[in-house]
Amino acid sequence: MISRRKALQAVAGASVAWPLAAVAQNAFGPTIGYLATYTEESSPSRLAAFQEGLGELGYVEGRNLRIVYRWANTRYDRLPALALELAEEAVSVILATGGQEASLAAMAASPTIPIVFIMGNDPVALGLVDSLNRPGGRLTGVNMLGSIPEPKRLELLLQLLPSVRRVGVLQSPAVNTYATNVRSLAEAASVLGVEIRVYDASAEDELDAAFAAMAADGIEAVHVGTVASFGVWRERIVDLAMRHRLPSVYGNSRNTVLIGGLMSYGVDLPTYYREAGRYVGRILNGEDPASLPVLEPRTYELIINLRTAAALGVKVPESLLLAATEVVE
């Protein structure tokens, strides 16, 4: 029985060997690819952290490294073509970020290019690696969500608002984890004794209708899914949540809370982009990605905006304030 990962990687007669047999060279040294589902403007801190990680291994863009960027701008359907463009550039490594869709596109674009991913999905279940400790192929990287599922944020939202009984879930059917996330939240809601209703937004112009429907349905609070495009649209989402007076919790989104979101719980994204930069540098230096363990979060951040809480008339329990990593006042 051939594994899904091996089947995906197999291309007639192609073979992979490390250390890299041929490193794409140019005036600045090797070339790597950066494939992202989000926009270039949405989070400069992530890119800066990735470059810091590369720098720790001695690689500086424009000095001894060339980086070719491809941004899907939240258009998941564009990823396969963008990944092929990177493969045609003969890059030595691809950093695939913003969800499993980027990793799968990069994997399909070439049978030989090593890939460092950043995602919140299970790479073993997806067939991308054999195991977290021993990936066993040309893919490795960071599984940002680790063992913290979306339901944990629902639990925190109800700790903040114990009287809430009807929660809206903002999700995007464009992501492959849609059904899994909705199912896990439904199971958690049943245990917690609340009702959830799912509202879809695959494009930014669908957000207004989603929030208007929540208000019409008597939704009392919102669980915003961990979706790359939601990070890009953070200002619009925060504005709509405030306009409809809907307390909301976000995932992996410190920046959203800093601009007025009520609460987020997740990982510190720059930390793991820095780790991914180190992994790309190590592969450029000749290490085998098959033996570089998939990294998982070590710490999580709970961030609360007290100004937003006050504006919404929400009193934050002392227990949450004590547990918070950061409080915006």
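The values are calculated or read from the model by the stated rules, or taken from the named source; none is laboratory data. Fair warning: this is a prediction, and the values are worked out from it, not measured in the lab. Positions of Cβ are generated from backbone atoms using ideal geometry, with glycine treated the same way; all protein chains shown enter the neighbour counts.
Taking the criterion of being modelled with pLDDT under 95, farther than 17 Å from LEU284 by Cα and of a type outside the set (Ser, Thr, Tyr), the residues of region 73-101 that qualify are ASN73, ARG75, ASP77, GLY98, GLY99, GLN100, GLU101. Applying the selection to region 282-308, what residues are in a loop (DSSP other than H, G, I, E, B) and either over 17 Å from ILE118 (Cα atoms) or not aromatic (Phe, Trp, Tyr) (or both)? The answer is ASN285, GLY286, GLU287, ASP288, LEU292, PRO293, VAL294, GLU296, PRO297, ARG298, THR299. With respect to THR74, is the statement that it is on the phi > 0 side of the Ramachandran plot, surrounded by 20 or more Cβ atoms within 10 Å (Cβ to Cβ), under 20 Å from the mean Cα position of the chain (by Cα) and not aromatic (Phe, Trp, Tyr) true? It is true that THR74 is on the phi > 0 side of the Ramachandran plot, surrounded by 20 or more Cβ atoms within 10 Å (Cβ to Cβ), under 20 Å from the mean Cα position of the chain (by Cα) and not aromatic (Phe, Trp, Tyr).
Inclusion of ASN176 among residues that are outside the structural domain of LEU47 (by TED's automatic domain parsing), in contact (Cβ under 8 Å) with a residue 40 or more places away in the chain and assigned to a helix (DSSP H, G or I) is not warranted. Counting the residues of region 315-329 that are in contact (Cβ under 8 Å) with a residue 40 or more places away in the chain and either surrounded by fewer than 17 Cβ atoms within 10 Å (Cβ to Cβ) or touching a Phe, Trp or Tyr at 6+ places or on another chain (Cβ under 9 Å) (or both) gives 4.
Residues are listed down the side, and each one gets a yes or a no for (1) over 22 Å from ASP217 (Cα atoms); (2) surrounded by fewer than 24 Cβ atoms within 10 Å (Cβ to Cβ); (3) assigned by TED's automatic domain parsing to the domain that holds ARG254:
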| site | (1), (2), (3) |
| --- | --- |
| GLU88 | yes, yes, no |
| ILE94 | yes, no, no |
| ALA106 | yes, no, no |
| GLY127 | yes, yes, no |
| ASN133 | yes, yes, no |
| LEU158 | no, yes, yes |
| VAL182 | no, yes, yes |
| VAL194 | no, yes, yes |
| VAL198 | no, yes, yes |
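When we screen GLU287, GLU206, GLU235 for residues that are surrounded by fewer than 24 Cβ atoms within 10 Å (Cβ to Cβ) and either in contact with a Gly (Cβ under 8 Å, 6 or more places away or on another chain) or over 20 Å from TYR38 (Cα atoms) (or both), the only hit is GLU287.
Sort out which residues of region 209-229 are outside any helix (DSSP H, G or I) and surrounded by 16 or more Cβ atoms within 10 Å (Cβ to Cβ), and write them in order of number. Answer for region 209-229, where residues must be outside any helix (DSSP H, G or I) and surrounded by 16 or more Cβ atoms within 10 Å (Cβ to Cβ): ILE219, GLU220, ALA221, VAL222, HIS223, VAL224, GLY225, THR226, VAL227. Here is the figure for region 49-61: residues that are of a type in the set (A, V, I, L, M, F, W, C), in contact with a Lys or Arg (Cβ under 9 Å, 6 or more places away or on another chain) and either without any contact (Cβ under 8 Å) to a residue 12 or more places away in the chain or part of a helix (DSSP H, G or I) (or both) total 3.
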